[in-house]
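The values are calculated or read from the model by the stated rules, or taken from the named source; none is laboratory data. Just so we're clear, the structure is a prediction, and the values are computed from it rather than from any experiment. When we count neighbours, we look across all protein chains shown, and the Cβ atoms used for this are built from the backbone with ideal geometry, even at glycine.
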Amino acid sequence: MQRRLFFALPLLFPFCLIAGNPGNIPPKLNKTDVYEWSFFDVNSIQCTISSAGPYCDYMRTGSAGLIWPKGSIKNAVYTAGIWICGVHRPTGELRTAIQDYLTEFQPGPILSTFNTATNDASVAAPSNDEKYRVYKIGVGDMYPLPGQITSEYDTWPGDLGAPYIDVNGNGRWDKGIDKPKLWGEQELWCVYNDANEINHWRVDSTSPMGVEVQATYYGFHESGALDNTMFMRWKIINKSDADYDGVYVSLWSDPDIGDWNNDMMGCDSLLNMVYTYNGYDSDAVYGSCPPADGFIILQGPKVMGDPSDSALSEGRWTKGYKNLNAVSSILTLNTVNGPWPPWGIPKPAIDAYECQQGINAIYHQPFIDPLTGKATKFVFPGDPVTDSGWTMANQGLPPQDVRSMISSGPFTLAKGDTQEIVGCFIIAQGTDRLNSITRLRLFAEIVREDFFANYNYYEPVESSASKVATPETFSLTQNYPNPFNPNTKFSYSIPDFGQPYPVRLAIFNTLGQQVALLVNGPKPAGTYDVSWDASRMPSGVYFCRLATGGLVETMKMVLIR
């Protein structure tokens, strides 16, 4: 259910972090803004999405923006948002576009070039226009029964930049002809911009950058890792008259796993992940098995690379470019216990920019890993599970209220440039608080492999659709031979819906772990033959699962060596 509210915000507000209880909502009133919220809820996650940028947004109710599991009252994240900072050319002025407890953004696109000398906000669309809301569709909306058209599907704003399938191939959105493009089984989309200087006064006091962000949130309802994952896809467009150098983009969050005052933080640079876990064996909200959650940069900014490099953007690989990985991960603490942490709470824009670069914003110097004596941009990269490396626990820091951020950059955002950043949020619950970290890492590995469809342990071979009459229903046939060693074949059918249909065909073991992804994308009507080479798999029972929107079919097969 969506709700549109008039929300009054203060003129001035300290940067980034609220001291004291994180449930405090800013007092005072200044200028009336119109925000709208909708909910990501396709799987076990229930997350509040704002039309002004923040996701996991606390402003909707004044409480946690992300609940897990869905339908409970157990909070996992208080609020979260993206940070964009860069150096204005030619003035050298640092400018920001930030979302934390307040936002420097407003709903709607920028309609003409933003002048960075006058900072005239009139080039932005009216933020109170109802069409700049959060749009939400699912597979059932995309492919309804005859006569069953939903309002969100019917009003999909492809003309504003919402993802769509260009049915007639003319390169522009044609309502009634082109179709919404669904990245997952549920998708939420909105557009916002940072052109209003008043919003910047409330947060970081810089002039606006003049960027427009088109945000897509999506997910899948499947067992295992994907059922506990929300994907975030941001298209960042420089609609100003200036270039920006040294640009960084960050995933910032205030995670509260149950009790907000007993969290610990760590990072895994190999997974591009910053994560939070409970500091005690039992939590007042989650009990004896508190979960762990993490934010991951899956697809960083695209920059020039070597001829052998390839970069992913908007679902396509481009040779000669590369995606930047995470370059820093830091945390700030709401309550300071003893001499730690030396970095404290960032205040002005330069502190935010240094945080993105992984620099100690108090001393304006690199962080030093106390165990190695070397400078690092990743704070607490050790392993809490094995108590090895630099962690909060072995440095004497007690559980407390934490803020985390993982960043990527630098890159140049020239006028007219577009960058697409893809991240995700994952949550996992193990047998205890540390085992939840282990399970979170496993989920992160699965999600990353799934996102890039880069499995090294199978070679799927899929033929073209069989030249037979168009099937009338979905179906998944039993594999042949069965039992098999090591190759087997099966087929699936898709009826005609007038456009390609999203299909996902995966193999799972008896533990529910995905071991192969054979098909993952839209397919036109037809019957398809698929082969699976299980030569690297151990003997045992496996399950082939076909997921096509509302239909899920599963078949059992046996590998015998």
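General observations
- Residues satisfying the stated conditions in segment 389-426, i.e. in a loop (DSSP other than H, G, I, E, B), more than 19 Å from Val327 (Cα to Cα) and either touching a residue at least 60 places away in the same chain (Cβ under 8 Å) or outside the structural domain of Ile368 (by TED's automatic domain parsing) (or both): Met392, Leu397, Pro398, Pro399, Asp401, Ala414, Lys415, Gly416, Asp417
- Top-ranked residue of segment 352-374 - restricted to ones that are polar (S, T, N, Q) and surrounded by fewer than 17 Cβ atoms within 10 Å (Cβ to Cβ), ranked as farthest from Leu331 (Cα to Cα): Thr372
- Every residue from segment 182-205 that is of a type in the set (D, E, K, R) and surrounded by 20 or more Cβ atoms within 10 Å (Cβ to Cβ): Glu185, Glu187, Asp194, Arg202, Asp204
- Selection status of Phe425, closer than 30 Å to Ile507 by Cβ and buried (at least 19 other Cβ atoms within 10 Å of the Cβ): yes
- Listed conditions (1) over 22 Å from Phe443 (Cα atoms); (2) modelled with pLDDT of 80 or more; (3) assigned to a loop (DSSP other than H, G, I, E, B) are all met by Leu511, apart from (1).
- Answer from Thr96, Thr113 - the residue that is modelled with pLDDT of 95 or more, outside the structural domain of Leu331 (by TED's automatic domain parsing), touching a helix residue (DSSP H, G or I) at 6+ places or on another chain (Cβ under 8 Å) and on the phi < 0 side of the Ramachandran plot: Thr113
- Pair list, Cβ under 8 Å, 6 or more apart: segment 357-370 residue over 17 Å from Leu94 (Cα atoms), other residue among the acidic types (Asp, Glu) and surrounded by 17 or more Cβ atoms within 10 Å (Cβ to Cβ): Asn360/Glu354
- In the set Asp254, Asp306, Asp283, only one residue is under 21 Å from Tyr353 (Cα atoms), modelled with pLDDT of 90 or more and acidic (Asp, Glu); that residue is Asp254.
- First in segment 246-269 and of a type in the set (Gly, Ala, Ser), second anywhere and surrounded by fewer than 24 Cβ atoms within 10 Å (Cβ to Cβ) and in a strand (DSSP E or B), Cβ under 6 Å, 6 or more apart: Gly246/Val87; Gly246/Pro410; Ser250/Trp83; Gly258/Asp283; Ser269/Phe378
- Residues satisfying the stated conditions in segment 515-548, i.e. crowded, with 20+ Cβ neighbours inside 10 Å and either touching a helix residue (DSSP H, G or I) at 6+ places or on another chain (Cβ under 9 Å) or in a loop (DSSP other than H, G, I, E, B) (or both): Ala534, Thr548
- Residues that are buried (at least 24 other Cβ atoms within 10 Å of the Cβ) number at least 1 in the following strands (runs of 3 or more DSSP E) confined to segment 218-321: 229-238, 243-255, 263-268, 273-278, 292-299.
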